[in-house]
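Read the figures in this text as sums done on the coordinates, not as results from a lab. In this text the structure is predicted, and so the values were computed from the model without any measurement. All Cβ positions, glycine included, derive from the backbone under ideal geometry; neighbour counts span all protein chains shown.
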Amino acid sequence: MNRSRQRGVALITAVLIVALGTILAINVAFRGFLDQRRAAAIHGFDQGFQVALGAEAWAADFLVKDQQESKTDHLAEIWARPLPPLPIDGGSLQGRLEDMQGLFNLNSLVNGDGTGNEEAIARLSRILAALGLETTWATTMADWVDRDTQESFPDGAEDPEYSGLEQPHLTPNQPITRPSELLGLNGFGAERYAKLRPYVTALPVGTRLNVCTAPGIVLDALGENTQEFGLDSRVLTDRRKEGCFPTLEDLRGSLGQQEYDKVKDLLTESSAFFRSTVVVDIGTTQFTLYSLLARGQGGSVRPILRSTGSD
């Protein structure tokens with residue numbers, strides 16, 4: 001009887017040892033697999049970043065050559081054509097350049113001294129209306145970037161509006177660096193932001209709007225009652241295949257002399273700020289680099305802001 005019990009205990013012990021050994025082996029193999037995946041991801045990320053920096057330099061070279069060949073920047077030029085997927089070692093690379101001066105500059109909502117710019121607020125209100133969004137957000141956005149802490153009447157919002165939230169924060173009260181900061185506005189939300197994002201940017205105060213690349217609703221917003229270019233103007237799309245449209249002279253005719261005189265000092269046919277978007281696929285890793293490039297009069301191009309994953 002004792003021998004039977006001993007044999008039973010020995011058998012159970014042997015089964016437990018095998019089970020523990022199997023669990024240990026699986027755990028070691030799984031950890032090894034994770035380590036390999038982690039190492040591959042880190043390597044792919046680092047390699048993707050270096051490839052993206054090379055593509056950024058390539059984009060900068062395009063902009064330097066463009067400035068040497070043309071005094072205007074429009075959508076029929078080579079820099080405006082997306083770069084199709086190109087094969088690289090272990091993956092592919094693609095990218096595009098966008099003119100940021102063709103968009104409404106959110107930092108223009110304030111003057112150089114940090115006070116609110118009522119005319120710019122009115123232009124943003126017209127853009128919001130064209131997109132089906134509440135125009136009251138224009139004043140709220142102006143309070144977000146103006147220098148004072150006094151709420152603008154009747155739709156402004158300063159620190160008290162945000163300090164009592166579940167995740168409290170303060171208004172920056174200074175120019176912003178990227179449009180995604182609008183997501184910090186109380187109640188603005190991702191849906192509104194998705195509608196507005198293609199038409200706005202964040203550049204230094206005083207940066208001029210390039211009429212050659214501006215979307216139709218941004219152009220229409222320059223005048224109080226202008227509805228010539230619209231949200232989906234075929235004329236705008238077709239004419240821009242040939243060169244700059246509208247030119248400053250074209251816009252004078254569209255707005256009328258009186259309206260044009262109000263905004264002429266805010267407009268240009270050339271640009272200094274472009275965004276480079278580079279997407280690198282290496283193995284199972286995808287790396288995206290967004291770069292805001294500033295082009296100087298002397299032909300130099302330098303990145304002044306970079307972000308990865310999202311812009």
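Sorted on the mean count of surrounding Cβ atoms within 10 Å across their residues, most packed first, peptides 18-27, 165-174, 248-257, 56-65 read 56-65, 248-257, 165-174, 18-27. Note on Leu267, Leu106, Leu86: ascending count of other Cβ atoms within 10 Å places them as Leu86, Leu267, Leu106, the fewest first.
Residues Ile88, Ile217 in ascending order of nearby Cβ atoms (within 10 Å, fewest first): Ile88, Ile217. For Ser291, neighbours were defined as the other residues whose beta-carbon sits under 13 Å from its Cβ, and their charges (Lys and Arg +1, Asp and Glu -1) total +3.
Over the chain, DSSP H runs of length four or greater, each weighted -39,500 (n - 2.57), average out per residue to a 222 nm ellipticity of -13500 deg cm²/dmol. Neighbours of Glu77, meaning other residues whose beta-carbon lies under 15 angstrom from its beta-carbon, give a summed charge of 0 when Lys and Arg score +1 and Asp and Glu score -1.
The angle between the Cα long axis of helix 118-130 and the main principal axis of the chain comes to about 60°, on a 0 to 90 degree scale.
For the chain, the longest principal axis of the C-alpha atoms and the axis of helix 2-69 are separated by about 20°. Listed by Cβ neighbour count within 10 Å, with the fewest neighbours leading, Val279, Val28 appear as Val28, Val279.
Under a Gaussian network description of the chain, with springs only between Cα atoms under 10 Å, the residue in Asp238, Asp220, Asp159 that fluctuates furthest is Asp238.
At full extension, Ile304 and Phe49 could sit 90.1 nm farther apart than now, given 0.36 nm per residue minus the alpha carbon distance. Considering only alpha-carbon pairs that sit under 8 angstrom and 6 or more positions apart, the relative contact order computed for segment 103-266 is 23 percent. For P(r) over Cα pairs in 20 Å bins from 0, in percent, the candidate list reads (i) 27, 45, 16, 8, 4, 0; (ii) 34, 62, 5; (iii) 31, 55, 14, 0; the entry that matches the value derived from this model is (i).
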